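Below: the structure, in structure tokens.
The values are calculated or read from the model by the stated rules, or taken from the named source; none is laboratory data. Small disclaimer: the values here were computed from a predicted structure and weren't measured. We place every Cβ from the backbone using ideal geometry, glycine too, and count neighbours over all the protein chains shown. These accessible areas exclude ligands, DNA and RNA; they are computed on the full protein's heavy atoms, side chains included. Shrake-Rupley method; radii C 1.70, N 1.55, O 1.52, S 1.80 Å.
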Amino acid sequence: MCRIEGEKSEFEGRERKRKRWGLSVMGFKAATLGDGRVEKLKSSMMSRSRMKLWMIRATTSILLWTCVVQLMTLGETWGPRVLKGWPSCFSQESTAAFAVDSSPEVPARVLPPKRVYKNNGYLMVSCNGGLNQMRSAICDMVAIARYLNVTLIVPELDKTSFWADPSEFQDIFDVDHFITSLRDEVRILRELPPRLKRRVELGMLYTMPPISWSDISYYHNQILPLIRKYKVVHLNRTDARLANNGQPMEMQKLRCRVNFGALKFTPQIEELGRKVIRLLRQKGPFMVLHLRYEMDMLAFSGCSQGCNKDEIDELTRMRYAYPWWKEKIINSDLKRRDGLCPLTPEETALTLRALDIDSSIQVYIAAGEIYGGRRRLASLAAAYPNLVRKETLLEPSDLMFFQNHSSQMAALDYLVSLESDIFVPTYDGNMAKVVEGHRRYLGYKKTILLDRKLLVDLIDQHTAGSLTWDEFSYAVKKAHAERMGNPTKRLVIPDRPKEEDYFYSNPWECLEPSNEDETLSSSI
């Protein structure tokens with residue numbers, strides 16, 4: 001019995017230990033479970049904090065972006081004003097005050113609304129020739145793109161001509177202004193959309209030169225169907241491809257709008273042009289002489305008046321070196337008598353003196369290197385000692401970035417030519433014609449259009465002694481009394497468009513002379 005009681009006591013002791021151990025295990029489990037819940041709770045709270053922080057950042061970003069967008073709509077001059085402090089984006093009063101305050105300093109640029117139309121395809125163009133030949137071609141291509149309802153790709157400039165200028169469109173012209181200023185007339189893109197660009201890179205496009213002196217019906221009937229078929233058409237020659245006359249008045253006015261408004265030179269070229277003009281104005285009035293007596297012009301035309309034998313041989317070799325200069329054997333004397341040669345520097349000096357141009361006036365030579373150098377310029381320099389060029393007015397550092405870029409140098413001469421008191425071209429090339437028309441547009445500025453055929457005959461008579469100086473001077477002044485850039489209509493010759501007056505030298509449809517009925521002569 002004692003054994004039973006002992007066993008019972010032992011059993012009860014083990015049971016008490018087991019219960020105590022069980023309770024401790026349960027307590028440990030409970031403690032462990034409690035710690036897990038705490039961790040989960042902490043994790044949940046951290047996630048909620050991160051979510052709140054993310055939402056705050058996202059909301060702040062949206063509000064800031066909305067603020068910037070609203071401010072940008074006030075004008076394109078927002079950038080510099082960041083430094084001055086912005087008014088609250090959420091205050092109508094402060095926004096209105098900002099708009100009022102900003103307008104006197106920098107007026108907001110108002111863009112024309114985009115023209116909405118069904119796009120018939122894409123037109124790519126490669127211009128050929130020098131700066132002003134390409135300039136007039138660009139104007140034509142914009143007009144053609146507008147009337148075909150196609151998208152124009154920013155034109156490619158000639159890099160393979162005699163001048164071998166590597167300049168791109170944006171190196172000479174303000175491309176952003178070109179695109180935005182015409183957006184109510186035609187859609188212009190810097191490049192083709194990616195899908196079409198890949199096709200063109202693979203050679204999948206239609207390339208052709210359009211027929212010269214064609215009217216808009218040719219482009220509607222012949223070119224537009226090709227654009228619709230191939231989606232992209234590339235015109236690889238663009239000079240003189242649109243007729244001077246017989247075009248819709250809206251088309252003629254658009255050509256002018258492109259030439260006189262959309263084709264602005266880059267800010268760098270414009271600024272340097274203003275600097276040259278300022279330097280000239282500081283010393284009084286100035287005349288721009290477009291003395292087209294350069295090696296390429298003489299070789300191309302075959303004109304060698306006043307050149308020695310070595311120079312004549314050099315010019316002939318150069319003419320043969322360029323296969324696209326079709327005329328090879330040229331009679332210089334005959335061509336000169338027909339008025340088809342640029343005046344020589346000696347002939348130019350006699351003409352300017354005969355016209356009573358003041359010998360003290362500054363004469364800015366807008367040209368490349370004169371063939372024969374100082375030797376050929378001697379008589380002109382003697383008659384007009386204030387001869388200047390951009391190279392003599394500017395520091396070498398000013399022209400450093402323009403070297404070997406003939407079109408950019410020509411753009412500089414173009415700007416100076418527009419602002420001159422008198423403009424005198426010695427040959428009716430593309431620059432002479434386009435500058436003449438632009439000066440008409442600016443108010444019929446004095447432009448002396450030399451009658452070369454008459455002049456060389458009078459000069460020869462004077463040189464031979466059959467005309468005294470007074471007789472020679474009187475004849476020259478009389479012949480040019482009505483050749484000073486005064487209002488007149490273009491000469492129209494039916495069925496002979498190449499012999500007509502050039503549109504860009506006299507775009508009379510875009511001009512507004514006073515007493516138009518009295519000043520405009522009738523067409524011939």
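One table, with the values for the structure above:
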{"quantity": "Positions within the range 472-506 being more than 33 Å from the chain's Cα centre (by Cα) and under 25 Å from SER420 (Cβ atoms), in sequence order", "calculated": "SER473, VAL476, LYS477, LYS478, ALA479, HIS480, ALA481, GLU482"}
{"quantity": "Test: residue in the range 167-174 that is open to solvent by less than 70 Å² (accessible area, probe 1.4 Å), charged (D, E, K, R) and either under 30 Å from GLY273 (Cα atoms) or without any contact (Cβ under 8 Å) to a residue 60 or more places away in the chain (or both)", "calculated": "yes"}
{"quantity": "Single unsatisfied condition, ASN149 versus (1) over 30 Å from MET318 (Cα atoms); (2) buried (at least 18 other Cβ atoms within 10 Å of the Cβ)", "calculated": "(2)"}
{"quantity": "Residue ID - farthest from TRP508 (Cα to Cα), chosen from residues in the range 234-251 that are of a type in the set (S, T, N, Q) and surrounded by 18 or more Cβ atoms within 10 Å (Cβ to Cβ)", "calculated": "THR238"}
{"quantity": "From the options GLY368, GLY373, residue that is on the phi > 0 side of the Ramachandran plot and among the small types (Gly, Ala, Ser)", "calculated": "GLY373"}
{"quantity": "Of residues in the range 366-387 being hydrophobic (A, V, I, L, M, F, W, C) and not in a loop (DSSP other than H, G, I, E, B), the one nearest to SER473 (Cα to Cα)", "calculated": "ALA383"}
{"quantity": "Hits in the range 376-392 (condition: buried (at least 18 other Cβ atoms within 10 Å of the Cβ), over 20 Å from LEU298 (Cβ atoms) and in contact (Cβ under 8 Å) with a residue 40 or more places away in the chain)", "calculated": "LYS390"}
{"quantity": "Pair list, Cβ < 6 Å and 6+ apart or interchain, from the range 192-219 residues that are at pLDDT 95 or above to residues that are open to solvent by 70 Å² or more (accessible area, probe 1.4 Å) and hydroxyl-bearing (Ser, Thr, Tyr)", "calculated": "TYR206/TYR230"}
{"quantity": "Filter result for GLY306 (touching a residue at least 24 places away in the same chain (Cβ under 8 Å) and either open to solvent by less than 20 Å² (accessible area, probe 1.4 Å) or within 21 Å of VAL434 (Cα to Cα) (or both))", "calculated": "no"}
{"quantity": "Pairs with Cβ under 6 Å, 6+ apart, first in the range 500-518 and within 15 Å of MET249 (Cβ to Cβ), second in a loop (DSSP other than H, G, I, E, B) and modelled with pLDDT of 90 or more", "calculated": "PHE503/ASN244; TRP508/LYS489"}
{"quantity": "Every residue from the range 189-233 that is open to solvent by 60 Å² or more (accessible area, probe 1.4 Å), assigned to a loop (DSSP other than H, G, I, E, B) and not charged (D, E, K, R)", "calculated": "LEU202, MET204, PRO209, ILE211"}
{"quantity": "Those helices (runs of 4 or more DSSP H) lying entirely in the range 257-365 with at least 1 residues over 33 Å from the mean Cα position of the chain (by Cα) and either within 24 Å of ASP457 (Cβ to Cβ) or at pLDDT 95 or above (or both)", "calculated": "309-321, 332-337, 345-354"}
{"quantity": "Qualifying residue in the range 450-473 (condition: within 23 Å of PRO285 (Cβ to Cβ), modelled with pLDDT of 95 or more and surrounded by 20 or more Cβ atoms within 10 Å (Cβ to Cβ))", "calculated": "yes"}
{"quantity": "Subset of the range 388-406 [over 14 Å from GLN268 (Cα atoms) and assigned to a helix (DSSP H, G or I)]", "calculated": "LYS390, GLU391, THR392, LEU393, SER406"}
